[in-house]
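Below is one structure, written out as structure tokens; comments come after it.
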Amino acid sequence: MSTINLEKELDTYFGYQAFRPGQREIIEDAMLGNDVLGVLPTGSGKSICYQLPAMLLKGVTVVVSPLISLMMDQVKQLKAINIKDVVAINSFMNTKERREIWNTIHRYKLIYISPELLQRPDVQRKLKHVGVDLFVVDEAHCISQWGHEFRPDYLKLKKIITFLDHPTVLALSATATTNVQQDILSYLNKPNMKKHIYPVDKPNITFNVEHLSGDKEKQEKIVSLLKAYYVPTIIYFSSRLEAENISALLSLQTDRRVAFYHGGMESQDRIIIQQQFMNGQLDAICCTSAFGMGINKKDLRLIIHYHLTPQLEAYIQEVGRAGRDNKSSVGLLLFSEGDIFLPKNIIKGELPTKNEITTVFRQLKTMYDQGQSLPTTDQEKLAVFQVSESKWRFLQYQFEKHDILKENNVIIYDSQLWKEAFLAISNRCEERLIKKDKQLQSVINWIYHTGCLRKKLYQDFQPSYTEAVDQCCSNCGFSWSDWQPEQLTHKIEKTYSWEEKLKKLLLVDVQ
DNA sequence: TTAGGGTTAGGGTTAGGGTTATTGCCGGTGCCGATCT
């Protein structure tokens, strides 16, 4: 290791002359075999932290990634700089392609994969056989943010790490509060990870909270802002329907090019909208939290929240997408009385009630008594157990954890053990609800805070923060009339011929 | 016109066919140190 000249290798593989802050430290640790938690601001080149070691290490580097689109982007970028021995394995491939990849898996140095696919025993065996040197968890805050309810496979990564004979573990994130960091360490079962934490605050973002009377005022506000500022804008909603409706309204009442984006859309449509926004063919996006991860648009100037985020972490993440070019940007949160009920209901709908837990226990007992297996498809399971998909996933994880369920079979019935499991699972739900309520409450507290919003927002997240470059926040005297962002120049909509319109529709550049 | 009810994000995965996983040997290559010119 000491003989490796990292700068030289960085240049050879990636064509960069020097490391950015944090990269070298993380890479050196990873190469020495130390488990590392790296928290680096977005756009600081996190991926180099594992891509370079992947090239230099003898064995394979596995990267756990939360989104297929992120995996594909990375692979595309690497292939573009002539690094060919990388692959993303996911459901976009057909079985033939997949088999081919697995049969030649030893040829790859860098393998991107989802936590779900990693759960499959055959996948685990193949990876073990080929020898994993470095196990990377990209966007590691997903462990804490999604693992507990939405994607429990994130909580099972530690088992895989053990099965793979403890390769070096590298967890990377752009937003990990002290609590999230703790979650990452404990759920990866690596309490002694070396931490490389860098501040993620953005001195060029002005924080602005406006208290309004209701939806009508919110909409008028957005319309007036879009008319006043010709800048790339994201408007976040907690409702798909609302995002669609406001998108239509804005298209009608302003001359901006607006579209909506949420998880309920066809993936093809989502890709198109994202591309158009990145290319500057759209001015504003009305979206849910589905939009954002992996979006690297440097000149985002305005991030509006029409609804509350459930946690301050999420707010920091979403608003932090503004101003990556370090130019003056604004985060605006629109709040009206009663807004708290929507996130409250979403939180409530995510975890099973005591009654639901009881019903599922009864159902499992019946199946055990009759020697039945659980239904194979998710749909049948939901019908049998009478709970929503996310509730079932949470429960399934809990039952497996308590050794009641294994691969669709109830493996044991013991009244004492079941009683204990019931209590433990109910308590766990309670705990999670309390925690989530607390997180939501801290968002509300922030909104009603009368002191500096920047200070209040960052105080729990990092020891210190940089003072605002421009204007600080709405409690420190911000006024819209003072905000003079760099506006887009091609303000006047060109008139297009029908050929040009067609080309535009087909996404061909008509400049 | 008003009161009141309903309001609800986030992503991955998906079957069925014929060859699996492991070990040893052989040949080529790159690195390093010793030796020779």
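The values are calculated or read from the model by the stated rules, or taken from the named source; none is laboratory data. Worth saying up front: this structure is predicted, and the values here are computed from it rather than measured. Virtual Cβ from ideal backbone geometry, glycine too; neighbours counted across all protein chains shown. SASA here: full protein model, heavy atoms, side chains in, ligands and nucleic acids out. Shrake-Rupley method; radii C 1.70, N 1.55, O 1.52, S 1.80 Å.
Considering A:L155, A:L212, A:L117, A:L127, the condition of being without any contact (Cβ under 8 Å) to a residue 40 or more places away in the chain and more than 20 Å from A:N34 (Cα to Cα) is satisfied by A:L117 alone. Looking across the stretch A:334-365, the residues that are within 12 Å of DNA strand B (Cβ to nearest atom) and acidic (D, E) come down to A:E337, A:D339, A:E350.
Every residue, every condition in (1) open to solvent by less than 50 Å² (accessible area, probe 1.4 Å); (2) in a loop (DSSP other than H, G, I, E, B); (3) within 25 Å of A:V123 (Cα to Cα), yes or no:
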| position | (1), (2), (3) |
| --- | --- |
| A:E7 | no, no, no |
| A:Q17 | no, yes, no |
| A:R20 | no, yes, no |
| A:R24 | no, no, no |
| A:G38 | yes, no, no |
| A:S44 | yes, yes, no |
| A:L52 | yes, no, yes |
| A:M72 | no, no, yes |
| A:K76 | no, no, yes |
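Number of residues in the stretch A:141-172 that are small (G, A, S) and more than 16 Å from DNA strand B (Cβ to nearest atom) equals 1.
Being open to solvent by less than 40 Å² (accessible area, probe 1.4 Å), within 16 Å of DNA strand B (Cβ to nearest atom) and under 20 Å from A:V180 (Cβ atoms) is a description that does not apply to A:I434. If the condition is being surrounded by fewer than 16 Cβ atoms within 10 Å (Cβ to Cβ) and of a type outside the set (S, T, N, Q), then the stretch A:456-468 contributes A:D460, A:P463, A:E467.
Considering only residues of the stretch A:89-118 that are within 20 Å of the chain's Cα centre (by Cα) and in a helix (DSSP H, G or I), which is farthest from DNA strand B (Cβ to nearest atom)? Ranking the qualifying residues of the stretch A:89-118, first place goes to A:L118. Taking the stretch A:231-253 as the range and being within 10 Å of DNA strand B (Cβ to nearest atom) and either among the aliphatic types (A, V, I, L, M) or farther than 9 Å from A:C286 by Cβ (or both) as the test, the residues that pass are A:S238, A:S239, A:R240, A:L241, A:A243. When A:Q396, A:Q386 are screened for being open to solvent by 60 Å² or more (accessible area, probe 1.4 Å) and within 16 Å of DNA strand B (Cβ to nearest atom), only A:Q386 passes. Could you tell me which residue of the stretch A:275-291 is surrounded by the most Cβ atoms within 10 Å (Cβ to Cβ), considering only residues that are within 11 Å of DNA strand B (Cβ to nearest atom) and assigned to a loop (DSSP other than H, G, I, E, B)? Going through the qualifying residues, I end up with A:F291.
Against the list (1) outside any strand (DSSP E or B); (2) acidic (D, E); (3) in contact (Cβ under 8 Å) with a residue 24 or more places away in the chain, the condition A:D122 fails is (3).
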